[in-house]
1. Name, by its number, the condition in (1) modelled with pLDDT of 95 or more; (2) under 18 Å from E20 (Cβ atoms); (3) open to solvent by less than 60 Å² (accessible area, probe 1.4 Å) that does not hold for Q53.
2. Filter the stretch 20-38 down to residues that are more than 17 Å from T83 (Cα to Cα), in contact with a Phe, Trp or Tyr (Cβ under 6 Å, 6 or more places away or on another chain) and open to solvent by less than 50 Å² (accessible area, probe 1.4 Å), then give me how many there are.
3. I need a count of the residues in the stretch 57-81 that are under 9 Å from the mean Cα position of the chain (by Cα), in a helix (DSSP H, G or I) and not aliphatic (A, V, I, L, M).
4. Answer with yes or no whether K15 is out of contact with any strand residue (DSSP E or B) (no Cβ under 9 Å at 6 or more places or on another chain), of a type in the set (K, R) and touching a residue at least 40 places away in the same chain (Cβ under 8 Å).
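The values are calculated or read from the model by the stated rules, or taken from the named source; none is laboratory data. Quick caveat: nothing in here was measured; it's all calculated off a predicted structure. When we count neighbours, we look across all protein chains shown, and the Cβ atoms used for this are built from the backbone with ideal geometry, even at glycine. Heads up: the accessible areas ignore ligands, DNA and RNA and are worked out on the full protein's heavy atoms, side chains in. Shrake-Rupley method; radii C 1.70, N 1.55, O 1.52, S 1.80 Å.
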Amino acid sequence: MSRTAMNPAKAALTKTLRREAGRWLKSAREAAGLTQAELAEMTGLRYYTFVSQVENGLGRVPIETQAIWAESLGLDPSQFARTLLRYYEPELHRLLFEGAADGADGDVDGDVAERAAQG
């Protein structure tokens, strides 16, 4: 089955959300007092440039490594994954957690998340 092309508005929103996720991750890394190289080493990455790419919205933290990233940053793995889900898959986050009290899992702009859910 072929994959349909993403519409331009959704592609732009995805890019915006990835950048916001990157800013959130950078803030968490800085709050933990880590350099990109130190975080890369703690998470088993060969190159610190991957951390840079994620922080710049050009990549995303793979699901299978989210727990080690969270622990390296001193964050709760469940909340970390939930926050990333809000950025990376806002519609899935909405379906799973709508109405749940999730104020502790990051600051995703409500308008952006709502647009993503509609897009």
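1. Unmet for Q53, out of (1) modelled with pLDDT of 95 or more; (2) under 18 Å from E20 (Cβ atoms); (3) open to solvent by less than 60 Å² (accessible area, probe 1.4 Å): (3).
2. 1
3. 1
4. Details: out of contact with any strand residue (DSSP E or B) (no Cβ under 9 Å at 6 or more places or on another chain): yes; of a type in the set (K, R): yes; touching a residue at least 40 places away in the same chain (Cβ under 8 Å): yes.
Yes.
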